[in-house]
Amino acid sequence: IACVLSGLPESIIAAACARSGQRVLHVDSRNYYGGNWASFSFSGLLFWIKENQQKTDNSDECEDWRKLILENEEVISLSKKDKTIQHVEDFCFGDQDSAEDVEEAGALPKLPVFGASGAEGVAQESEKESPAMESALPEAESREPEGAAGTEPASAVEGGDTEISSGNESSHSAAESALELGKTEAAPSEIAAQEPKKITYSQIVREGRRFNIDLVSKLLYSRGLLIDLLIKSNVSRYAEFKNATRILAFREGKVEQVPCSRADVFNSRQLTMVEKRMLMKFLTFCLDYEQHPDEYQDYENSTFAQFLRTRKLTPSLQHFILHSIAMVSETDCSTLEGLQATKKFLQCLGRYGNTPFLFPLYGQGEIPQCFCRLCAVFGGIYCLRHSVQCLVVDKESGRCKAIVDHFGQRISANYFIVEDSYLSESTCKNVCYRQISRAVLITDQSVLNTDSEQQVSILTVPPVDLGKPAVCIIELCSSTMTCMKDTYLVHLTCPSTKTAREDLEPVVQKLFNLNTEKETENEELEKPRVLWAVYFNMRDSSGIDKNSYDGLPSNVYVCSGPDSALGNDCAVKQAETIFQEMFPTEEFCPPPPNPEDIIYDEDEIAPEESGFSNSPEAKPEPSVEESGSGDSTAVKK
């Protein structure tokens with residue numbers, strides 16, 4: 001199996017193939033794992049911004065590779081430039097003190113630093129490789145977790161001893177330590193009155209390794225396909241997770257918390273007793289709506305918003321259900337789709353916490369790397385900074401026989417997995433792509449301050465104009481290991497209608513203070529201040545039929561990049577579908593064997609000791625190092 005690019009679907013397929021005993025070669029022209037699913041340190045993200053603003057072609061093409069093509073063969077050229085990212089704009093709103101001589105703490109070479117807008121402080125040619133490579137070194141032991149408060153991973157235990165997290169800290173002791181920390185810092189009544197600490201641009205650069213900034217912003221549904229796959233394959237041991245702590249809503253110009261669970265509903269001060277009964281009655285109906293078809297059959301051709309109006313719900317309840325629980329469009333979502341989305345939300349409640357969502361510590365980019373680790377444990381070979389020139393196709397059979405890399409080497413395989421961004425314009429001439437608008441902000445406080453500073457929040461901002469998409473906002477605190485202390489990392493996502501800045505800046509202006517001047521109105525002072533921001537558009541290649549690609553052989557499978565949905569179900573479904581097409585009789589990502597259950601033959605022992613055995617069963621994860629103190633699991637590739 002030859003996989004080109006290491007995004008989430010490709011990494012899952014590679015892990016499944018290696019686990020079933022196939023030989024896997026996984027190559028990527030980038031020098032980091034994950035493709036558009038990757039996470040970067042702050043300097044790594046600046047370097048990524050510079051690359052995508054300049055759109056330089058760094059491939060070293062060997063002209064001799066065409067000599068390797070036989071007379072009965074033809075080639076399908078692959079794209080050498082990544083065209084999935086467009087309209088990249090970055091801005092610094094914080095104090096722009098001199099950061100030219102500032103280096104990241106713990107960084108060996110000096111990393112590039114950028115000015116207020118755009119990539120003005122361009123790094124020297126010799127510095128090009130270092131920033132982005134940080135995300136290719138994901139071992140947890142190299143990280144220094146900060147702030148013990150609220151960092152306990154989700155225990156993720158259900159029924160048996162299956163755990164999502166490798167941490168073994170007591171949730172009670174962690175909660176107590178969080179409370180102790182809160183007491184020593186400030187009383188709850190004083191927190192709102194305190195001014196946030198002033199963060200300068202040079203501080204952000206200096207603490208850049210504290211940031212793990214995702215290119216794509218997603219959460220994991222606690223009963224979603226990805227969580228089920230992580231548990232089934234035992235890949236969950238390679239990562240830790242934190243519960244999303246609250247669901248927020250933006251209504252009448254204010255941000256407020258949405259009651260989701262039964263306890264939240266009855267403890268809520270926002271709702272009257274009548275509204276609480278209305279909400280509980282409707283949510284109970286949604287859990288088993290299939291058993292009561294007479295209640296929604298007449299509205300199957302209506303939108304979910306129209307159906308909610310017939311349920312005698314108050315406007316505030318309709319808003320909460322539509323935008324914060326079902327999280328669907330007001331104009332495009334049918335009644336059945338809305339009921340299904342509400343049921344999915346409710347079914348995920350309570351498995352690991354009071355919200356349906358989990359977030360991986362150190363960012364979404366950890367998930368593809370976890371599956372890469374599983375693949376490597378079972379003999380997969382990984383080559384970064386290794387671009388592919390073309391696919392070699394046999395004219396008679398029409399099947400792909402090999403790939404040719406940028407060194408002019410010909411590599412044969414039976415199956416080929418290619419990410420959409422590697423296909424050339426001639427192959428994709430009949431494909432119509434959608435776009436995703438993305439923004440990433442670094443702010444100095446939360447959009448909704450509470451007694452606890454360590455909150456992971458999700459907020460859906462409905463569109464001002466009907467027909468336009470809602471904006472999904474995920475706000476991460478420092479205990480997620482994605483930003484430095486006293487800052488928040490805010491991700492904004494929506495399907496594109498214009499450029500990312502045009503789509504998302506109006507929402508940013510509503511919720512945040514972009515004013516860099518000292519004199520601001522009182523209303524602006526209450527908002528979180530944006531210290532730094534980047535906007536960009538990302539291609540959404542999900543849902544495209546393989547037949548839309550021109551001239552691809554039957555044994556070449558195309559994986560899509562990230563989609564605009566909140567969860568990861570699309571990537572998991574795609575990976576499983578492709579795997580089953582290749583190996584219909586094999587189980588998809590079965591659990592790895594326990595080392596103590598493996599029986600070695602005498603003939604296997606000698607090559608095993610010399611390190612030359614290729615048998616998956618003879619390699620019971622020799623490279624796994626588990627921490628016994630509840631810290632992150634460290635896995636070396």
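Could you derive backbone 3J(HN,Hα) for segment 583-595 from the dihedral phi with the Karplus parameters 6.51, -1.76 and 1.60 (θ = phi - 60°), listing whole Hz in sequence and x where the residue is Gly or Pro?
Once θ is set to phi - 60°, the couplings for segment 583-595 become 10, x, 9, 8, 6, 7, 6, x, x, x, x, 6, x Hz.
Could you calculate the FRET efficiency of Thr331 with Gln54 from 1/(1 + (r/R0)^6), where r is the beta carbon distance between them and R0 is 41 Å, rounded to 0.05?
After rounding to 0.05, the efficiency reads 0.55.
If you stretched the chain out fully between Gln347 and Lys498, how much longer would it get, using 0.36 nm times the residue separation minus the C-alpha to C-alpha distance? Display every interim value, and only then the final one.
Values: separation 151, 0.36 × 151 = 54.36 nm, distance 3.52 nm.
Taking Gln347 through Lys498 to full extension adds about 50.8 nm, to one decimal.
According to a simple spin-label model (label point 7 Å from Cα along Cα-to-Cβ), what is the distance in nm between Glu295 and Asn594?
4.5 nm
If you put +1 on each Lys and Arg Cβ and -1 on each Asp and Glu Cβ, how big is the dipole of segment 256-357 around its Cα centre, in Debye rounded to 20?
Its charge dipole is roughly 520 debye.
At a Förster distance of 22 Å, what's the computed FRET efficiency of Asn354 paired with Arg277, Cβ-Cβ distance as r, to 0.05? Write down the numbers at each step before the final one.
On the way: r = 20 Å, r/R0 = 0.93.
The calculated FRET efficiency here is 0.60.
For segment 256-357, what is the convex hull (Cα atoms) projected area averaged across all directions, in square nanometres?
Average projection, Cα convex hull of segment 256-357: 6.2 nm².
Can you find, among Tyr299, Thr314, Leu336, the residue farthest towards the positive end of the dipole of segment 256-357? Put +1 on the C-beta of Lys and Arg, -1 on that of Asp and Glu.
Checking the options against the dipole of segment 256-357, the answer is Thr314.
What ranking do 15-27, 340-352, 251-263 get when scored by the average of other Cβ atoms within 10 Å per residue, highest first?
15-27, 340-352, 251-263
Taking amide H atoms as placed 1.01 Å from N in the peptide plane, list the residues 5 or more away in sequence, or in a different chain, whose amide H sits under 5 Å from that of Gln389.
Distant-sequence amide H within range of Gln389: Val404, Asp405, His406.
What's the FRET efficiency of Leu287 with Glu71 using the Cβ-Cβ distance as r and R₀ = 56 Å, to the nearest 0.05?
Plugging the Cβ-Cβ distance into 1/(1 + (r/R0)^6) gives 0.30.
For segment 273-280, what does the Karplus curve 6.51 cos²θ - 1.76 cosθ + 1.60, with θ = phi - 60°, yield as ³J(HN,Hα) per residue in whole Hz, taken in order and with x for Gly and Pro?
Residue by residue, segment 273-280 yields 4, 5, 5, 4, 5, 4, 5, 5 Hz.
So between Arg311 and Asn430, what do we pick up on full extension, going 0.36 nm a residue minus the alpha carbon distance? Walk me through the numbers on the way to the answer.
On the way: separation 119, 0.36 × 119 = 42.84 nm, distance 4.45 nm.
Between Arg311 and Asn430, full extension yields an extra 38.4 nm.
Between their Cα atoms, which of Lys80/Lys546; Lys50/Lys83; Lys197/Lys527; Lys254/Lys276; Lys83/Lys573; Lys344/Lys468 are more than 18 Å away from each other? Walk me through the numbers on the way to the answer.
Details: Lys80/Lys546 21 Å; Lys50/Lys83 14 Å; Lys197/Lys527 14 Å; Lys254/Lys276 21 Å; Lys83/Lys573 25 Å; Lys344/Lys468 24 Å.
From Lys80/Lys546; Lys50/Lys83; Lys197/Lys527; Lys254/Lys276; Lys83/Lys573; Lys344/Lys468, over 18 Å: Lys80/Lys546; Lys254/Lys276; Lys83/Lys573; Lys344/Lys468.
In whole Å, largest first, what are the principal axis extents of the Cα atoms in segment 390-462?
Its Cα atoms span 69, 28, 20 Å along the three principal axes.
Apply the Debye scattering formula to segment 209-296, with a single equal point scatterer on each alpha-carbon and no solvent, then give log10 I(q)/I(0) at q = 0.12, 0.14, 0.19, 0.25 Å⁻¹.
-0.65, -0.83, -1.09, -1.23
Ranked by accessible surface with a 1.4 Å probe, highest first, in what order do Ser41, Ser452 come? Don't skip to the answer; put the middle values down first.
Numbers: Ser41 10, Ser452 55 Å².
Listed by decreasing accessible area, they come as Ser452, Ser41.
Subtracting the Cα-Cα distance from 0.36 nm times the residue separation, let me have the gained length for Asp569 to Leu514 in nm, one decimal.
Full extension from Asp569 to Leu514 adds 16.3 nm.
Return the distance in nm (one decimal) between the two label points of a simple spin-label model at Ser548 and Asp64, each offset 7 Å from Cα along Cα→Cβ.
4.1 nm
The values are calculated or read from the model by the stated rules, or taken from the named source; none is laboratory data. Keep in mind it's a predicted model, so treat the numbers as computed, not measured. Glycine gets a Cβ as well: all are built from the backbone with ideal geometry, and neighbour counts include every protein chain shown. Side chains are part of the model used for accessible areas, which takes the heavy atoms of the whole protein and leaves out ligands, DNA and RNA. Shrake-Rupley method; radii C 1.70, N 1.55, O 1.52, S 1.80 Å.
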